[in-house]
1. Of I157, T147, Q132, which is farthest along the charge dipole of region 102-205 in the positive direction, counting Lys and Arg as +1 and Asp and Glu as -1 at C-beta?
2. Work out, step by step, the length gained on full extension between T48 and H92: first 0.36 nm times the residue separation, then minus their alpha carbon distance; give nm to one decimal.
3. How much solvent-accessible surface does F98 expose, in Å² to the nearest 10, with a 1.4 Å probe and all protein chains in place?
4. Tell me the carbon and sulfur percent of the accessible area for region 49-205, rounded to whole percent, probe radius 1.4 Å.
5. With a/c under 1.5 counting as rounded, go ahead and sort region 85-154 into rounded, prolate or oblate using the C-alpha gyration tensor (a ≥ b ≥ c being the square roots of the eigenvalues; past the cut-off, prolate if a/b is larger than b/c, else oblate).
6. D60 to Q173: FRET efficiency via 1/(1 + (r/R0)^6), r the Cβ-Cβ distance, R0 22 Å, to the nearest 0.05?
7. Please list, in order along region 116-128, the HN-Hα scalar couplings obtained from phi with the Karplus expression 6.51 cos²θ - 1.76 cosθ + 1.60 (θ = phi - 60°), rounded to whole Hz, x for Gly and Pro.
8. Just to check I understand the Karplus step: with θ = phi - 60° and J = 6.51 cos²θ - 1.76 cosθ + 1.60, what whole-Hz values come out for region 184-200, glycine and proline as x?
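The values are calculated or read from the model by the stated rules, or taken from the named source; none is laboratory data. The shown structure was predicted, so the numbers you read here are calculated from the model rather than taken from an experiment. Please note: Cβ atoms are built from the backbone with ideal geometry, for glycine as well, and neighbour counts cover all protein chains shown. The protein model used for the area step is the full one, side chains on, heavy atoms only, and it has no ligands, DNA or RNA in it. Shrake-Rupley method; radii C 1.70, N 1.55, O 1.52, S 1.80 Å.
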Amino acid sequence: MKSWIKNFRWVLPIILITMLILVGCTPKRVTRVKSSEVTDLSGRWNDTDSRLVSQAMVGDVLSRFWLNDFSQKENRKPRVIVGTVVNRSHEHIATNSFVKDLERELINSGRVSFVASSGERKELRQERKDQQTQSSEETAKRLAQETAADFMLKGSILTIIDQLDGTKVKFYQINLELINIESNEKVWIGDKKIKKVVDRDSRKF
């Protein structure tokens, strides 16, 4: 009897460790949803915020007088580039993703021409330089033939946090400005506000 008890003391930890491993390896339930479906699990800035804000703000900037004024004066679409969107919030925000959403909305509107970003232009310039020595004269793209942008869209994302016990209120303000690159004139200023109430049942978050 004593021998059995002694052996069991050695076996018991192995059984417990094995059970923990099996529980840890149990697959979690995953549900696929449409990418356009509104999801907000943590209350933080997410893909839904980025998409909805970009749609609303691009819709606003393209509805203002500057667009018709420029088109009538120059007899063409304005060329636009998206500059930096600075994250001045309390949390990490993938501003590069937000910039891409803004670019997509501007391009797909068909109302403006769009110019590659600063980083993209550097890569393209290097490719053109390589073509001067590596490609045939008939197919090599010429240098100094870039199309310059007329306007730059840039801005910032700010947050204000208010918290009491287990409830937190997050207020996001997204500010964007459209600037004439030649004259530095600001032709449009817009903002979008988002307010979220996050209730965590008095748990720390």
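1. I157
2. That pair, T48 and H92, stretches by 14.3 nm at full extension.
3. For F98, the solvent-accessible surface is approximately 0 Å².
4. Here carbon and sulfur together make up 46 percent of the probe-accessible area.
5. It is prolate, given that a/c is not under 1.5 and a/b is the larger ratio.
6. Computed FRET efficiency for D60 and Q173 comes out at 0.90.
7. 4, 5, 4, x, 5, 5, 4, 5, 5, 5, 5, 5, 5
8. Working through the residues one at a time gives 6, 6, 8, 9, 7, 10, x, 9, 9, 10, 10, 10, 10, 9, 10, 10, 10 Hz.
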